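Worksheet: one structure, shown below.
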Amino acid sequence: MAEEADARVVVREVDDVETLKALSDPLRLAILRTMMSDVQASHRVKDIARLLDQPTTRLYRHIKVLEAAGLIRVAQTRMVSGIQESQYQVAQFALRLSRDLLAAPDHADELADAFAATLNDFRDRLVRDVISGRFQPESKRGAESESESESESESESGAERGAGAEGVAGPEAGSGTVPGREVAEGERPDPLGPMVVALDRRLTPERAVEFRSRLSALMEEFNRPDDEENATVPVEFLLMFWAPREPSGEPSGQSPG
C-alpha cells in the first residue's frame, strides 16, 4: 500500500472543464472529502454511503463520475455473493486549479459553481462543529515549567505582533482562541485551537508573490500523508488566495477596503 500511495500524485492540478464540473456537485465533493480523510484506505461505496448518511444506490453514479475524471481509482475488487465489489482510493492527496483554467473567461460559470460548492460544503461542516461544540478549544490549566512559560510568552508575543494581519477576525482569532471569548487567568491557549483569519489588504508586488509562494510551499509540505499510526488529529482547513484584477478593457479603480 505504501508503494501505491507513493505512486499517486500529491497535488493534482485541475486543468480541464470536465474535472471542474465533476467537482461542482456537493455530494461528489462530500464523497471525495470522505475518501481524502484517509488517503491510504480503500473505500467501499456502502461504507462511504453510511458515513454520509446517504442511500448506497444514490452514490454509484457520482462514484463513476469521479472515477471518469480521474479523481478516484479502483484499488481492488472482490467477489461478494457472485457480484464484483469495487473498492476505491483517491488518486491524489490534494487538488489545485491550474492558472490557465482560472484565467479562461469562458469558464467563469463553471468556476463559480465549483467555488460555491466548495464554500458551501466547508460552511456546513464549520457550522456543524460550532453548534456541536467541537469548534471550541480545550482549556489547559496547571503548573508549567519555566521553559514552557517562556516558550508560551514568546508565542503570545508573536501572536500579538501578527494581530494586525488577521483582518476582520482580529487578534482574538489566533493562538487557539475563539472570537469573543476571553482567556481566563491561568489558562493556556490550546495549540490546536481554531484560527479564523480574514485578510483583505494591499501588498507590494514582491510581498504578494512571496505570500502566495510560501502558502503554496506550506500546502505542498502538509498535504503529504503522515505516519498512519500517529496521524490522530483531524484538521479542517480551507485556503483561498486571489489578487483581484480588473477585466481587460475596463478602467481600474480603487477596490473597496
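Given labels modelled 7 Å from the Cα in the Cβ direction, how far is it in nm from GLN76 to ARG202?
Each label point is offset 7 Å from its Cα along the Cβ direction, giving 5.9 nm.
Calculate one ³J(HN,Hα) per residue across segment 18-27 by plugging θ = phi - 60° into the Karplus curve 6.51 cos²θ - 1.76 cosθ + 1.60, and present them in order as whole Hz with x for glycine and proline.
Karplus values, whole Hz, x for Gly and Pro: 4, 5, 4, 5, 5, 8, 9, 9, x, 5.
Quick one: net charge around GLU220, please, counting Lys, Arg +1 and Asp, Glu -1 for every other residue with C-beta under 15 Å from its C-beta.
+3
Give the long-range amide H neighbours of ILE72: residues separated by 5 or more places, or on another chain, with amide H under 5 Å away, using H modelled in the peptide plane at 1.01 Å from N.
The list, which skips near neighbours in sequence, is GLU67, ALA91.
Take ALA243 and ASP113, extend 7 Å from each Cα along the Cα→Cβ direction, and tell me the distance between the two endpoints in nm.
3.1 nm
Work out from phi, with θ = phi - 60° and the Karplus expression 6.51 cos²θ - 1.76 cosθ + 1.60, the ³J(HN,Hα) of each residue of segment 227-238, listed in order in whole Hz, and give x for Gly and Pro.
4, 4, 6, 9, 7, 10, 9, x, 10, 9, 8, 10
Choose one of MET79, LEU95, ILE31: the residue whose Cα lies farthest towards the positive end of the charge dipole of segment 18-106 (beta-carbon charges +1 Lys, Arg; -1 Asp, Glu; about the Cα centre).
MET79
For segment 51-58, what does the Karplus curve 6.51 cos²θ - 1.76 cosθ + 1.60, with θ = phi - 60°, yield as ³J(HN,Hα) per residue in whole Hz, taken in order and with x for Gly and Pro?
Karplus values, whole Hz, x for Gly and Pro: 5, 8, 6, 10, x, 4, 4, 6.
Peptides 118-124, 20-26, 76-82: what's the order by average Cβ count within 10 Å, highest mean first?
Highest to lowest by the protection proxy: 20-26, 118-124, 76-82.
Counting only residues 5 or more places away or on other chains, whose amide H sits under 5 Å from the amide H of GLU85 once H atoms are built in the peptide plane?
Here the answer is ARG78, MET79, VAL80, since their amide H atoms fall under 5 Å of that of GLU85.
None of the figures in this text is laboratory data; all of them are computed from the coordinates on show. Here the structure is a predicted model, which means the values were calculated and not measured. Using ideal geometry, Cβ is built from the backbone for each residue, glycine included, and neighbour counts are taken over all protein chains shown.
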